[in-house]
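All remarks here apply to the structure that follows.
What follows is calculated from the coordinates using simple rules that are stated; it is not laboratory data. Everything numeric here is computed off the predicted structure, so don't read it as measured data. Glycine also receives a Cβ, built like all others from the backbone with ideal geometry; neighbour counts cover every protein chain displayed.
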Amino acid sequence: MLKANKNLSAISAAICVGFAALTSPAAAQEPWSPVYINQVSTSFIQAANSMVYPDTSVLDSIPTLPSNSTGNLSFVLQQGDFNTASITQTGQRNVGLIYQIGYSNTAAITQTGNGHRGLIMQQGSNNVAILTQR
């Protein structure tokens, strides 16, 4: 998981540089809602521990877009076979990231509104994650 967090940080930083040019007159600051989903195909006991003690430190790795930005940011990284992912964004300054390693994982992010941050990380097989932010 540590390697995935380092990769995500590097990818996030590189993508944000590209979006730095997307600016417009400053808009009022709106509330945002960060979400992080981590799925690992593993034993029931290990899965239960990760549900009770989730690692939320990765939320700091999700980039934010400047308040004067009019664009959205989405990025999907897949390793493995038969993984599917989709990101739908309506509004401004939304960030959606999907990172999949494995086989037959499915992930979807839908963001409506402004300033949302969402991350789905899946490792293993047959994981399904659907994230909706409004």
Among the residues of region 102-122, what is the count of those that are part of a strand (DSSP E or B) and more than 14 Å from the chain's Cα centre (by Cα)?
5
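Sort through Ile62, Ile120, Ile101 and tell me the only one that's of a type in the set (A, V, I, L, M), more than 18 Å from Gln133 (Cβ to Cβ) and buried (at least 16 other Cβ atoms within 10 Å of the Cβ).
Going through Ile62, Ile120, Ile101 in turn, just one is of a type in the set (A, V, I, L, M), more than 18 Å from Gln133 (Cβ to Cβ) and buried (at least 16 other Cβ atoms within 10 Å of the Cβ): Ile101.
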Restricting the search to region 104-117, which residues are polar (S, T, N, Q), surrounded by 22 or more Cβ atoms within 10 Å (Cβ to Cβ) and closer than 21 Å to Leu65 by Cβ?
Gln111
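Restricting attention to region 80-94, and to residues there that are part of a strand (DSSP E or B) and either under 16 Å from Ala129 (Cβ atoms) or of a type in the set (Phe, Trp, Tyr) (or both), which single residue is farthest from the chain's Cα centre (by Cα)?
Gly80
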